[in-house]
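Asks: Sending over a structure as structure tokens; questions will come in a sec.
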Amino acid sequence: MDDVELIELIRIGDDDALLFVIETYSKLLWVIVGGILNNVGTREDIEECISDTYASLWKKANTYDPLKGSLRTFLAIIAKRKALDQYRKLAKSIAIELDDDFESADNDLLEHVIKGELIDELYEAVSLLSEPDKEILVRRFFFEEKPSTISNNTHIPVKEVKNRLYQSKLRLRKILSEREDFDYGTQLNNQD
């Protein structure tokens, strides 16, 4: 089923079409929303934002234009906007303790902003990997699961999980090194 047919079914209120979209794009939306809200929100905040994305699709399916991009891109844009809105709300509610080390707080904030801006490029690179490498990377670097936890959840031996992480990081470095603005060494090494 192509994107136009899927959107048409959603427009007429087909619940199964929406469930298909949820099953197909849930990992993508977790990566996008989780990457933006990871340091300021809870898991519930991420889930709420993803649910809001699907609700927007359900309510505003008629705004989808296949000439402007795929359904995947459409959902990614909605999710990113919702996550940024949620980030702004959460950031206002977080009280920053003032201490003698203002420079450290500024660097942490700057690093967080940079990570948010680079998430799109990183996701594009991760999406080029095949499964289960893609899932292993997302679990390790976005959800910060330990290799043993990933092994239990994916039923892949721990040693193979570690090997796949290493090989995938090498592939990502190669992909990202071809992009001028991405400081791949710093970003990937900070996640070790």
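A short reminder: the numbers here are calculations on the coordinates, not readings from a lab. Every value quoted in this text rests on a predicted model; they were computed, and no experiment measured them. Don't worry about glycine lacking a Cβ; one is built from the backbone with ideal geometry, like all the others, and counts go over all protein chains shown.
Asks: Subtracting the Cα-Cα distance from 0.36 nm times the residue separation, let me have the gained length for residue 90 to residue 48 in nm, one decimal.
Replies: My answer for the length gained is 13.8 nm.
Asks: What's the extension gain from residue 148 to residue 24 if we count 0.36 nm per residue and subtract their Cα-Cα distance?
Replies: Result: 42.0 nm gained on full extension.
Asks: I want the local charge near residue 54. Using Cβ-Cβ distances under 12 Å, sum +1 for each Lys or Arg and -1 for each Asp or Glu among the other residues.
Replies: Charge balance near residue 54 sits at -2.
Asks: Same structure again: In straight Cα distance, which lysines are under 26 Å from residue 146, not counting same-chain residues fewer than 8 positions off?
Replies: 27, 115, 134, 159, 162, 169, 174
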